[in-house]
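Since the structure comes first, as structure tokens, the remarks are kept for the end.
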Amino acid sequence: MTPRVAWPNVADIPAPPLTEDRTGFAVRRDRLRAMAVEHDLDAVVISSLVNVRYLTGFTGSNGALLLRPDGDDVLATDGRYTTQASAQAPELTLLIERACATALTAEAARAGVARLGYESHVVTVDGFEGLRAAAAEHRPGVELLSLGSAVEALRAIKDAAEIDALREACAIADAALAALISDGGLRAGRSEREVGRDLDNRMLALGAEAVSFETIVAAGANSAIPHHRPSDAVLAVGDFVKLDFGATFAGYHSDMTRTLVLGPPADWQREVYELVATAQRLGREALTVGASVVDVDAAARAPIVEAGHGAAFSHGLGHGVGLEIHEAPALSALGAGRLAADMAVTVEPGVYLAGRGGVRIEDTLVVGTDGPALLTMTGKELVAL
């Protein structure tokens, strides 16, 4: 078994100051560098493309990063991305090699590295053998140490630039939904698939780089399926219509769910909606610095359980969001850890009644010392169209 480094709680790692001559990417690398030095690592190889982007700004489809204690960091990619890498990460030494992580491991070994950190949750078994062989070829006895999800832990706390990107992604999604409704795009007779494509196109037209994930449009009984995929099912009067969607801006993902009803809502629909709205409000209010993720989930889940619908809330309360749609932390009964300031998370309770319909209400928020900042601004009252 590969030895694993025991990292401290990310909230306890101070961020180096951001000065005029240092980019946010340099600050992020310095936080990881400080962790590596503290654990006597001579260097670190980062091979997750999302983590490479987070630490360097490089967005190509092949790349890895060698992080050194002295700050002489090396970005590796192949010849397709020479110009792009030079433009996106001009402060880094550039190495052009197809097998990026292997080449950087060899580079580290040649430089005399004895203890090298690597991302064991990303590297395959065969990939690990390649790293070990590359190290041994140039310096026998190099020790490869698992970093675990150290970079993902850093990513859980957003900096100002990340929060700005998330806010813009959420604003695009808000505007797209408002336009869809005002233009009559949510109406009986349209299919789930038509509505989903319409919403996607509106987000793209408003400046989204892409949609955050496959947009969920679930009408009628399909709204009781938490992750229903849009089909040719036709929206009808009396249906709940659940929309779960998001926009990507500057690489950052928004995530929002709203549930509407076509025509006057039935009593049971009002009852379920109000229950979920109450749970969602309690979940938002529980987002305080230092709160246990388990306790946050429990705060929102309690009224649903008390109403006898505990089994109908079949997923966790929420998740972190950023460069990936699902990131740390996980807000659930099975989660671990506590919230820290500037974590971006979703709060999305739901009640799903098989064969009848379901409700989910979801926001993206940022945890703060003065309470959570709401990024998804669409109202949460029950809308009847």
- Message: How much of the DSSP bridge set in region 10-155 is antiparallel, in percent, rounded to the nearest 5?
- Response: 35 percent
- Note on the structure: Sequence order, region 277-292: Karplus ³J(HN,Hα) from phi using 6.51 cos²θ - 1.76 cosθ + 1.60, θ = phi - 60°, Hz rounded, Gly and Pro as x, gives 4, 5, 4, 5, 4, 5, x, 4, 5, 7, 7, 10, 4, x, 5, 5
- Message: In whole Hz and in residue order, list the ³J(HN,Hα) couplings for region 39-45 that follow from phi through the Karplus curve 6.51 cos²θ - 1.76 cosθ + 1.60, θ = phi - 60°; x for Gly and Pro.
- Response: 9, 6, 8, 7, 5, 9, 10
- Once the dipole of region 70-125 is set up from charges on Cβ (+1 Lys and Arg, -1 Asp and Glu), the residue from the list 94, 79, 125 lying farthest towards its positive end is 125
- Message: Restricting to Cα pairs below 8 Å that are 6+ residues apart, what does the relative contact order work out to for region 205-274? Please round to a whole percent.
- Response: 32 percent
- Item | With Cα atoms, 0 to 90° folded angle of helix 125-138 axis to the chain main axis | 20 degrees
- Message: Rounded to the nearest 5, what % of DSSP beta bridges with both residues in the chain are antiparallel?
- Response: 75 percent
- Helix 192-205 sits at what angle to the longest principal axis of the chain, using alpha carbons and giving 0 to 90 degrees rounded to 10? 50 degrees
- Query: Roughly speaking, what is the stretch gain from residue 86 to residue 161, that is 0.36 nm per residue apart minus the C-alpha to C-alpha distance, in nm to one decimal?
  - Reply: 24.9 nm
- What residue among 122, 345, 296 shows peak mean-square fluctuation when the chain is described by a Gaussian network model with Cα springs under 10 Å? 122
- Item | DSSP loop GluC sites (Glu not before Pro) with at most 11 other Cβ within 10 Å excluded, longest remaining stretch of the chain | 21-380
- Item | Interchain or long-range residues, amide H under 5 Å from residue 95's placed H | 75, 76, 77
- Item | Part-to-part distance (alpha-carbon centres) for region 276-334 and region 68-112, which is given in Å | 41 Å
- Query: So what is the relative contact order for region 160-374, in percent, with contacts set as C-alpha pairs under 8 Å and at least six apart?
  - Reply: 21 percent
- Task: Give, rounded to the nearest 20 debye, the magnitude of the charge dipole that region 10-155 has about its Cα centre when Lys and Arg contribute +1 at Cβ and Asp and Glu contribute -1 at Cβ.
- Result: 240 debye
- Under the classification rounded if a/c is under 1.5, otherwise prolate if a/b is larger than b/c and oblate if not, where does region 10-155 fall, given a ≥ b ≥ c as square roots of the Cα gyration tensor eigenvalues? oblate
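Which whole-number percentage describes the relative contact order of the chain, with Cα contacts under 8 Å and a sequence gap of 6 or more?
Working: 853 pairs, mean separation 51.9, N = 385.
Relative contact order comes out at 13 percent.
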- Item | Within the chain, helix-based [θ] at 222 nm, where runs of 4 or more DSSP H residues each add -39,500 (n - 2.57), nearest 500 | -11000 deg cm²/dmol
- Residue by residue, what Karplus-based ³J(HN,Hα) values in Hz, rounded to whole numbers, does region 219-228 have, using 6.51, -1.76 and 1.60 with θ = phi - 60° and x for Gly and Pro? 10, x, 4, 5, 5, 7, 9, x, 10, 4
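None of the figures in this text is laboratory data; all of them are computed from the coordinates on show. The model shown is predicted, which means the values in this text are computed figures rather than measured ones. Ideal geometry is used to build each Cβ from the backbone, glycine not excepted, and the neighbour counts take in all protein chains shown.
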